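See structure below.
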Amino acid sequence: MSVNSQNLSILNVLVLHGPNLNLLGKREPEFYGSVTLNDINELLSETAIKLSSQVTCFQSNHEGTLVDKIHEALGQYQGILINAGAYTHTSVAIRDALSAVEIPTVEVHLSNIYKREVFRHHSYIAAIAIGQISGFGALSYQLGLEALVKHIRAK
Ligand code: DQA
């Protein structure tokens, strides 16, 4: 682990984006606004520096690929920030992978999933996450990263 000028060790955080989030900017702007995935990743990289941490961002439309990434995170990352997209509401496999690696995880959503269709109200990830931030657009990710890093450092 490298050390910065404030003598805080740099925390490595894996940011996972699930299906259809590659279409942000074009996709249902009434829910997701005009922000692109690239904008979010840049925002997170800048935010990470202020938190003496660094992020690696990865998007996939495939459940198994996300599961593989979570497995590979063992020993590489101290935290996971995840917007699993629709897999939030369907994927026991992603939840089990996060439970298996025991890496502190924060769940985020751009839209407020509780204001939308009933099938979006249940998250398989929420119960095994430190917490969930939903409804603030790109700010959900920024707040989630800050909460995750502060939680890990407080331990
Ligand atoms: C989402 C909410 C999910 O219900 C949806 O399937 C998404 C995006 C969000 O960020 O608001 O793909 O995770």
Output the residue which, of all residues in region 56-70 that are of a type in the set (S, T, N, Q) and more than 13 Å from the chain's Cα centre (by Cα), is nearest to ASP39 (Cα to Cα). ASN61
Filter region 75-99 down to residues that are open to solvent by 10 Å² or more (accessible area, probe 1.4 Å) and either over 15 Å from LEU16 (Cα atoms) or near the ligand (Cβ under 9 Å from one of its atoms) (or both), then give me how many there are. 9
Within region 100-130, of all residues that are exposed (fewer than 15 other Cβ atoms within 10 Å of the Cβ) and small (Gly, Ala, Ser), the one nearest to the ligand (Cβ to nearest atom) is ALA126
Flag if GLU146 is closer than 20 Å to PHE58 by Cα, among the charged types (D, E, K, R) and more than 10 Å from the ligand (Cβ to nearest atom): yes
Checked against (1) assigned to a helix (DSSP H, G or I); (2) touching a residue at least 12 places away in the same chain (Cβ under 8 Å), GLN76 satisfies every condition except (1)
Selected residue (criterion: farthest from the chain's Cα centre (by Cα)) from residues of region 11-38 that are open to solvent by 30 Å² or more (accessible area, probe 1.4 Å) and more than 14 Å from the ligand (Cβ to nearest atom): SER34
Just to be sure before I move on: is VAL55 in contact with a helix residue (DSSP H, G or I) (Cβ under 7 Å, 6 or more places away or on another chain) and assigned to a helix (DSSP H, G or I) in the structure I sent? no
For region 39-56, give me the residue count where each residue is open to solvent by less than 70 Å² (accessible area, probe 1.4 Å) and at negative phi. 11
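The values are calculated or read from the model by the stated rules, or taken from the named source; none is laboratory data. Owing to the predicted nature of the structure, the values given are computational and were not obtained by experimental measurement. Virtual Cβ from ideal backbone geometry, glycine too; neighbours counted across all protein chains shown. Heavy atoms of the whole protein, side chains included, go into the accessibility calculation; ligands, DNA and RNA do not. Shrake-Rupley method; radii C 1.70, N 1.55, O 1.52, S 1.80 Å.
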